[in-house]
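Below you'll find the structure, written out as structure tokens, and then a few comments.
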Amino acid sequence: MVELTLENEVKLVEKNKSKSKNRTLAENRKARHDFFIEEVYEAGIELIGTEVKSIRAGKANLKESYADIINEELFIRGMHISPYEMGNIHNGDPLRDRKLLLHKEQILKLQTLSQRDGYTLVPLSLYLKNSRVKIAIAVAKGKKNYDKRDSLLAKAHDRDVAREMKERNKY
């Protein structure tokens with residue numbers, strides 16, 4: 001019989017925490033720079049063959065990808081998933097359109113939101129949630145160049161303030 005000591009309990013808690021966390025597999029960092037994020041939705045993604053293994057290996061890229069609604073179905077376009085190295089000749093096209101899984105009401109809401117001027121559907125991240133691949137889709141509005149400069153200046157200012165606070169708290 002194993003004794004439950006404090007060390008064993010801490011190990012069990014840490015083990016359970018690591019299982020329940022979402023593991024980010026790919027991120028679209030440029031999206032937060034180029035767009036104002038309005039709303040974020042979580043969607044499942046329809047994958048074929050060895051695409052899940054390739055995504056788990058970190059071979060997915062969300063740059064230059066976007067979501068589009070066709071016949072009341074949501075698709076992601078431009079997302080690159082490299083073919084799995086140990087796969088066979090039946091691997092799919094790396095740049096094929098992939099269907100995203102959402103409820104019909106959510107898709108219709110996304111359609112109305114994205115039809116406004118300047119708005120689009122942008123993928124933010126690809127992650128694992130309970131061993132399933134999920135994608136975060138945002139309704140976003142494009143930034144102008146001066147907006148990008150303003151946000152960069154604000155980030156630089158925040159970094160300077162944090163650095164100064166760190167210096168003051170040192171002594």
| task | For region 95-110 and region 141-164, compute the distance between their C-alpha centroids and round to whole Å. | result | 32 Å
| said: Please compute the modelled spin-label separation between residue 132 and residue 47, points set 7 Å along Cα→Cβ, answer in nm with one decimal. | reply: 1.4 nm
| Cα→Cβ-extended label distance, 7 Å offset, between residue 104 and residue 40, nm | 2.9 nm
| query | For the charge dipole of the chain, defined by +1 on Lys and Arg C-beta atoms and -1 on Asp and Glu C-beta atoms about the Cα centroid, which residue among 113, 171, 102 has the Cα displaced farthest towards the positive pole? | reply | 171
| query | Taking the Cα-to-Cβ direction at residue 115 and at residue 82 and moving 7 Å from each Cα, how far apart do the two end points lie in nm? | reply | 4.1 nm
| Dipole of the chain, Cα-centred, from +1 at each Lys and Arg C-beta and -1 at each Asp and Glu C-beta, to the nearest 20 debye? | 440 debye
| Expected 222 nm ellipticity per residue - DSSP helices of 4 or more, -39500 (n - 2.57), all of the chain, to 500 | -12000 deg cm²/dmol
| query | Which of 53/148; 30/166; 59/166; 109/141; 109/129; 63/148 have a Cα-Cα distance over 27 Å? | reply | 53/148; 30/166; 59/166
| query | From the Cα gyration tensor of the chain, with a ≥ b ≥ c the square roots of its eigenvalues, which class applies: rounded if a/c is under 1.5, or else prolate if a/b is larger than b/c, or else oblate? | reply | oblate
| message | Applying a 10 Å radius around every beta-carbon, put 93-101, 150-158 in order of their mean neighbour count, most first. | response | 93-101, 150-158
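Each value in this text was obtained by applying a stated rule to the coordinates, not by laboratory testing. The shown structure was predicted, so the numbers you read here are calculated from the model rather than taken from an experiment. Ideal geometry is used to build each Cβ from the backbone, glycine not excepted, and the neighbour counts take in all protein chains shown.
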